[in-house]
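Step one of this worksheet: look at the structure below.
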Amino acid sequence: MATENTPPNTGSDEAVAAKGMIDEMLKAYPAKTLRKRAKQALVNDPEKIPEVGANSRTIPGIITQRGCTYAGCRGVVIGPIYDILHITHGPIGCGFYSWLSRRNLVRPAEGETNYLQYAMSTDMMEEQIIFGGEKKLKAAIQEAYDIFKPKAISIYSTCPVGLIGDDVHSVAREMKEKLGINVFAFSCEGYKGVSQSAGHHIANNGVFKHMVGRDDTPDDAEFTINILGEYNIGGDAWEIDTLLQKCGIKVVATLSGDVSYDQVCRAHTVQLNTVMCHRSINYMAEMMEKKFGIPWFKVNFIGADSTAKSLRKIAKYFESKKLTDRVEEVIAQEMAALRPIRDAVTARCKGKKVALFVGGSRAHHYQDLFSDIGMETIAAGYEFAHRDDYEGRRVLPTIKVDADSRNIEEIVVEADPTRYQARKTPEQIASLAAGGFSFKDYNGMMAQMKKNTLVIDDISHHEIEKLIELGKPDIICSGIKDKFVIEKMGIPCKQLHSYDYGGPYAVFTGAANFYQEIDRMLHTKVWKFVVPPWMKEPQLQASFVSNPRKKTGDRPAPEPLLARKLAGKNSETE
Ligand code: CFM
C-alpha cells in the first residue's frame, strides 16, 4: 500500500525495506486515518528532510501517549517551582494525577519551603459545575494562604473551568490585592491544545509575565547562566549543576528543576541562557532575549560526547581563556573516569538496535547516549513536538498556524526601556559567528538520524507492536502508557519520562548510570521467558466496516466474542 509523504520505492534495498515497514504498519487503518498517519510516519533522509505532520490532532480511537494542556502547564513547566503554592481548580482527579508522579526532585536549602509534597485542589463538584466555582476558588486561596503564608500562589484551570467560564484571572487579581502576595492564574484547560505542548506555551507566558524580572539583584559570579528546559527528573539538574560549578560556571536558575520562586524572579540577570528542552521552553528563551538582551543557544547534557560539546560551546561564548582551560581540564578528567565503563559496555552493546518514542525532546537527546555505546537508533519519534523539533528551526517561518495553535496567546515582547542590555556587542557576535558559532539554534532530530531510519510522530500502540514485529529493536525507550505492552512482547523498555526509579542520566556521571542500566536490561535472561498471552491463545479478530449502517449484511458477525464467553474464557486471555 502506498503512503504519500515517504520517498518512492526507487531507492536502495534499505529504503525499500523502510518504506515497506511503514506501509505494513499503517495498512490496517481505514483510508482517512491512513492518509493522516502517513504524514506522521516517514522514512528519514538527513540530506533532504521530509516534512512531518507534527503537532496535529490525534485521531480519536488511536491509543496515543500524549497528555493534556493542563499537564504541560501545571505538571511540566511551572509545577516544579517548589515554594509556590500550586492550586488546581477542578475535579480532584486532575490534581491527584499531577501530584509528584513526574519525579521532578527538589532539595530546598535550609529555611526554604517546599510545597511540592502537597496536592492542592478546589475539588470541584456538581454544585460548582452548575453554579460556578469562583467562590470556592477564592475560599481555597484564602485557606491555603492562612495555613502556609506562601510567597506566591498559582492557579491552574482544568477542562470544566473553561466550559463553565469561571474567570480565574480576576479571582487571582482580587486575591493578589487582598493578600498582598503574588497570585496568578493559567487558562490551561486540558482541551486547549492538541497535547501538553499548548500547556508549555501558556506556562512560559505566565512565568514570564508574573515572575521573571521581579528582582534585579545581580549575581556577582564571573560566568552566569540559566538552564532553560531542565526539570531535574531523577536528579539530572543536580548533576549538571555540579559539573558546571566544577568548571566555574554559576547556574542562577534552572527552569524549572529544583528551583525557587526567587531564583526565577532573578533569572533575567544572567549573561547567557542555555536551552536543554527546546520544545517546552523555546518561548521563554526568545522572550528573555527580546526584553533583556540575553542571547540563547541549545545545549544537550545527555550523552558524554554531547556534554563535552555543550561545555565547550558555553566556554567559547564567554571568550575567556581561563574558563576554556578549566572546561578542557574537567572534560579530560570526566572522560577518563568514564572510559572504562563506556568501553566495557560498548563491547557488549555495540550494534544493538534501539527505538525511542518520548515526549518532545528526549527521543532526540537520548540517541546520543546510545551512540556513545555504539548502539543504533532504528526509529524515533516525539509524542507532541512540532516540526522545528524534527526538521530544525529553519522551518519555523513555513509552519502553518492552525486553529489549535491560534488558541494560545502569543505575547508581544519589547525591549525593556531601562533593563535591556545586550550581553554581546554586534562585533562580538559577528566574530563568534565567523568562527562557526550559532545562536538560537536547533537542527532538530532528523538531521542527526541516519538515512532510512524511521521517524514516527505520536506513535500508536498498534504501530509500536508492528515496529517490534518488523524492525526487531533490542530495546525501546518510551513511557508508562506502553511500557508493559512492550515488555509483554519480550522487549525491554526503558521508561524515559520519570526513569522509573533510576537516574540521574545527565552529564558524564549520569551517562555511566545509563550505560550500565541499558547493559543490564539488554543482557538479563528474563526476556526469553516472557510469553505474551496472544502466543498462547488466539486473538480476538475484528475488521473495520466503512459504513456499517448501510451494509448491515456485511458486518462481521459478533460470534467470536459470544463464543468465547460461552466457552468460559476470561478477559485476561484477550
Ligand atoms: Fe521537555 Fe521534559 Fe521532554 Fe517535556 Fe514531558 Fe518530561 Fe518528556 Mo515526560 S519538558 S518535552 S512535556 S524534556 S514530562 S521532563 S519526560 S514528555 S521528552
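Considering Cα pairs under 8 angstrom that are at least six residues apart, work out the relative contact order of region 203-314 and quote it in whole percent.
Result for region 203-314 is 29 percent.
Let me check I've understood the local charge: for residue 366, count other residues with C-beta under 11 angstrom from its C-beta, Lys and Arg +1, Asp and Glu -1. What total comes out?
Local charge sum for residue 366: 0.
How much net charge surrounds residue 451 when only the other residues with a Cβ under 11 Å from the Cβ of residue 451 are counted, with Lys and Arg +1 and Asp and Glu -1?
In short, -1.
Given a 1.4 Å probe, how much area per residue of the chain is accessible, in Å²?
With all protein chains present, the chain gives 45 Å² per residue.
Where does the charge balance sit around residue 120 when Lys and Arg score +1, Asp and Glu -1, over other residues with C-beta under 12 Å from its C-beta?
Computed value for this residue: -1.
Out of the total accessible area of region 12-59 (probe 1.4 Å, heavy atoms of protein only), what percent is carbon and sulfur?
52
Taking the Cα centre of the chain as the origin, how large is its charge dipole in debye, to the nearest 20, when only Lys and Arg (+1) and Asp and Glu (-1) carry charge on their Cβ atoms?
1280
What do you reckon, how do 371, 438, 154 stack up by accessible area (1.4 Å probe), largest on top?
So the residues, ranked largest to smallest area, are 371, 438, 154.
How high is the relative contact order of the chain, in percent, counting Cα pairs under 8 Å that sit 6 or more residues apart?
Worked out over the chain, it gives 17 percent.
Compute the separation of the alpha-carbon centres of region 325-344 and region 42-61 and state it in Å as a whole number.
The two parts, judged by their Cα centres, are 37 Å apart.
How high is the relative contact order of region 7-129, in percent, with contacts defined as C-alpha pairs under 8 Å that are six or more residues apart?
Answer for region 7-129 is 19 percent.
Over the Cα atoms of the chain, each weighted equally, I'd like the Debye log10 I(q)/I(0) at q = 0.09, 0.10 Å⁻¹, rounded to two decimals.
Rounded to two decimals, the profile gives -0.75, -0.92.
Check the chain for me: any Cys whose beta-carbon has no other cysteine beta-carbon within less than 4.7 Å?
That list is 68, 94, 159, 247, 265, 277, 349, 477, 493.
Hey, which of these cross-link pairs are over 25 Å Cα-Cα: 298/424; 353/451; 192/483?
Table pairs above 25 Å Cα-Cα are 192/483.
Compare 334, 14 by solvent-accessible area with a 1.4 Å probe and give them largest first, with all protein chains kept in place.
Reading off the accessible areas and sorting them downward yields 14, 334.
As a test question: what accessible area, to the nearest 10 Å², does residue 517 have when a 1.4 Å probe is rolled over all protein chains in place?
So the heavy atoms of residue 517 present about 40 Å² to solvent.
What number, rounded to the nearest 500 deg cm²/dmol, is the helix-based mean residue ellipticity at 222 nm of the chain, given -39500 (n - 2.57) per DSSP H run of at least four residues and division by all its residues?
Using -39500 (n - 2.57) per qualifying helix, the result is -12500 deg cm²/dmol.
The values are calculated or read from the model by the stated rules, or taken from the named source; none is laboratory data. Treat the numbers as computed from the prediction; the structure is a model and nothing was measured. Glycine also receives a Cβ, built like all others from the backbone with ideal geometry; neighbour counts cover every protein chain displayed. Remember, those area values only see protein heavy atoms, side chains included, never the ligands or the DNA or RNA. Shrake-Rupley method; radii C 1.70, N 1.55, O 1.52, S 1.80 Å.
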